[in-house]
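Each remark here refers to the structure printed beneath this line.
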Amino acid sequence: VIKDVKARMILDSRGNPTVQVRVVTEGLGIGVANAPSGASTGKHEAVELRDGGKEFKGKGVSKAVENVNKVIAPTIIGLNSRHQYEVDGKLIEIDGTPNKARLGGNAIVATSLAVAKAAASTMGVPLYYYLGGRTAELLPVPLLNIINGGVHAGNKLDFQEFMIVPAGFNSFHDAIRAAVEVYHELKTVLKNKYGPSAVNVGDEGGYAPPLEKIRDALDLLVEAVKKAGYEPGGEIAIALDAASSQFYREDKGVYVVEGRELDRNEMLELYEKLVGDYPIVSIEDPLYEEDFEGFAEMRRRLGDKILIVGDDLFTTNPVRLSKGIESNAGNAVLVKVNQIGTLSETIEVVRMAHENRYKAIISHRSGETEDTSIADIAVGLSTGLIKTGAPGRGERTAKYNRLLEIAEELEKPRYPGFRVFPRKP
Ligand code: PGA
Ligand code: ZN
């Protein structure tokens, strides 16, 4: 039974305020969780409540903190911490808006996760076990963003994320080792080619070299993989997050890529060529956030080769995902707890995805904290996939380190490798 709920302001990885919630149960369980924060946020996401005004350049969270302490706490104290659906239902009810705008998605998500952690702690089990029980034994294949572009970096790359996918290994440990080796090899390659400032990192820990061309970034990944002694496509594949809503011009109906205006069909042709030329296994947000039809066309053309992932398209929203499933839009959903706001709704989205043969990729945000819930969620819900940045910057490595810990704790850890993708490229 929930005995105490308390929120406070902490800082995220970009130095902005965010919400931390601590839940204590009568069984002496303690759960602490932090709200992350996106930069390339989707239009349909839960709203972060920010104070406005002068302090923290308007990004203060004192109202969100107060909402937890004064509104949420009295409502959920006394409820059973193991009744996640009931607790989350209350949060949704007292908020009363479709996008968590009144209490704040940041207030709600930190509370929802802290309740689950407190329940797990009361039972004396890890969060992944609390969520998945004995079936929780699948480690996720990580998508590691090692070249940052878009709004996460100060360069001119239009696509936001260039990721390596160490799928050709038998264990999570070996996969991380190879990814780290490639990350360091890439650093050397970049330094030699573009000088020392090319290895400055972006928001998600990937390098932010002064590149302009998508193919240049992809060539660098392939080079780094080879120089690290691995086979591109055989052991280490590539994934992209175009985050295309960021360079879509709604007035003209075109995408501006490397200075050229491309329509939907030209974008699809671009992706087909890239998939033909590089060992790509996944492309996220290839088209802008309202184009369900375009995502369906992309699935017809590339769905047997790669994951076509909706992030801004679905915003971890069960209503939007079910619309996508009906129209065969893409074949995978990116899952961010703070996009929808509660753990229960997140679990619903993952279930819905799995029941309809969509993959679910548990994801961090570009603004993160030391909170490692998503590592446990990926294992607990057996998604087999996680996206949580480069193996650099503490808020990113915290998740990988937690997964290494979980891998060691599990009796029979399994690593799915290329089986979570439509094919080995
Ligand atoms: P965000 O980016 O956290 O800045 O929204 C992550 C993503 O687009 O996947
Ligand atoms: Zn994205």
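Figures for the structure shown
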read-out	value
Cβ-derived FRET efficiency at R0 51 Å, ASP174 paired with ALA101, nearest 0.05	0.70
Antiparallel content of DSSP bridges confined to the chain, in %, to 5	60 percent
³J(HN,Hα), Karplus 6.51/-1.76/1.60, whole Hz, each residue of region 90-97, x for Gly, Pro	4, 4, 5, 5, 6, 5, x, 10
Extension gain from LYS6 to THR135, taking 0.36 nm per residue of separation minus the Cα-Cα distance	43.2 nm
Using a Förster distance of 56 Å, the FRET efficiency for LEU79-GLU272 (Cβ separation, nearest 0.05)	0.65
Simple spin-label estimate for LYS57 and GLU355 in nanometres, 7 Å along Cα-Cβ	4.4 nm
Phi to ³J(HN,Hα) by Karplus 6.51 cos²θ - 1.76 cosθ + 1.60 over region 281-297, Hz, x for Gly, Pro	10, 7, 10, 9, 6, x, 10, 6, 5, 10, 8, 4, 4, x, 5, 5, 4
ASN317 long-range amide H proximity, modeled H, under 5 Å	none
Label-to-label distance, nm, for residues given as VAL256 and ASN192 (7 Å Cα→Cβ offset)	3.6 nm
FRET E, pair GLU408, LYS156, Förster distance 35 Å, beta-carbon r, rounded to 0.05	0.25
Taking the C-alpha atoms of the chain, convex hull volume expressed per residue in Å³	128 Å³
Trypsin sites (Lys or Arg not before Pro) within region 265-370: DSSP coil, no more than 14 neighbouring Cβ in 10 Å	ARG357
Qualifying trypsin sites (Lys or Arg not before Pro) for region 215-262 [loop in DSSP, other Cβ within 10 Å: at most 15]	LYS252
Total lysine pairs under 19 Å (Cα atoms) in region 162-319, excluding pairs fewer than 8 apart on one chain	11
Interchain or long-range residues, amide H under 5 Å from VAL333's placed H	GLY310, LYS359, ALA360, ILE361
Projected area averaged over orientations for region 294-368, convex hull of C-alpha atoms, nm²	4.8 nm²
Region 216-355: C-alpha gyration tensor shape, a/c 1.5 cut-off, then a/b vs b/c	oblate
Largest-first principal axis extents of the Cα set of region 23-126 (Å)	42, 26, 25
Separation of alpha-carbon centers, region 212-255 and region 143-169, rounded to whole Å	7 Å
In region 1-88, the trypsin sites (Lys or Arg not before Pro) that fall in loop regions by DSSP, at most 16 other Cβ within 10 Å	ARG14, LYS43, LYS54
Stokes-Einstein D (µm²/s) once Rh is taken as the Kirkwood radius of region 280-425 over alpha-carbon pairs, at 4 °C in 1.567 mPa s	83 µm²/s
Cα extents of region 132-228 along the three principal axes, largest first (Å)	48, 28, 20
The chain: angle of helix 214-227 to the longest principal axis, Cα-based, in degrees nearest 10	90 degrees
ASP219 accessible area, assembled protein chains, probe 1.4 Å, Å²	70 Å²
Helix axis angle, 105-123 relative to the chain longest principal axis, alpha carbon, degrees	70 degrees
Once exposed loop GluC sites (Glu not before Pro) are cut out (DSSP; at most 10 other Cβ, 10 Å), longest piece of the chain	1-249
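The values are calculated or read from the model by the stated rules, or taken from the named source; none is laboratory data. These numbers were taken from a predicted model, which means no experiment stands behind them. Glycine also receives a Cβ, built like all others from the backbone with ideal geometry; neighbour counts cover every protein chain displayed. All accessible areas refer to the heavy atoms of the entire protein, side chains included, with ligands and DNA or RNA removed. Shrake-Rupley method; radii C 1.70, N 1.55, O 1.52, S 1.80 Å.
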